[in-house]
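What follows is one structure encoded as structure tokens, with my remarks underneath.
The values are calculated or read from the model by the stated rules, or taken from the named source; none is laboratory data. Source: prediction; values computed, not measured. Backbone-built Cβ (ideal geometry, glycine too); neighbour counts: all protein chains shown. Just the protein is used for accessible areas: all its heavy atoms, side chains included, with ligands, DNA and RNA removed. Shrake-Rupley method; radii C 1.70, N 1.55, O 1.52, S 1.80 Å.
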Amino acid sequence: MSLSRTPGIDVAALLRTLDKYPYGCIEQTTSRALPLLYYNDVALLGYGPSDPKIADRVQEAIYRIADMQTGDGSFGMWGPTSSPAAEWLQSYALDFLLRARDQQMAVPATSLQRALTWLNRSVDRMSPNAQAYAWYVLAKAGLADAGRVRYFQDTAAGKIKGGLAWHSSRPRSTKWGNRRARLAFSVAQLQIGQRDQTDYYGSALA
């Protein structure tokens, strides 16, 4: 806990604490590395000194995640021969890799393509919350099919729980319809704080 006479959150200190998290499954590796993509941007806002070694730690996480990929393109929880990572984690790891690529980090192209191919092939069989995130990630990669996303929204909307999942289901392209995007975002706002008891991702502020 941090105490201060001035309001605010010590973002840089929280990121440093997260960076030192000791474990290394795919969730923990991703959670530790993803915010570090933006660490130095936050530092420039006056939250602390920049760190020139951040990129090296992010790159190490990228390679570690790529090493956890299984033969079919998905990811194992601890490695390619361990149990599969949860549905949401598959998209979470891919989301990180896409963000890292956008930040000009070296993301193995073959691993990324295999993972995206697996996700595109598997998304329709996922639970509603996980499927919402998967479509979000596929849309970022330019691989989401508008018709399949509309069908998902029309048939599974009533099963989505929580604002984060609803926000993830929001179309990311005008060709999918601005009305649908506005509707999904409105529902997401109404469901802030709602939690899926079987899904430990997200928070009341998400």
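Details
- For residue 77 and residue 57, a Förster radius of 25 Å and the Cβ-Cβ distance give a FRET efficiency of 0.75, rounded to the nearest 0.05.
- Dipole of region 31-160 computed with +1 at Lys/Arg Cβ and -1 at Asp/Glu Cβ about the Cα centre; of 59, 153, 81, farthest Cα towards the positive end is 153.
- The portion of the accessible surface of region 62-169 made up by carbon and sulfur, rounded to a whole percent, is 51 (1.4 Å probe; DNA, RNA and ligands excluded).
- Dipole moment magnitude, nearest 20 debye, region 61-133 about Cα centre, only Lys, Arg, Asp, Glu C-beta charged: 80 debye
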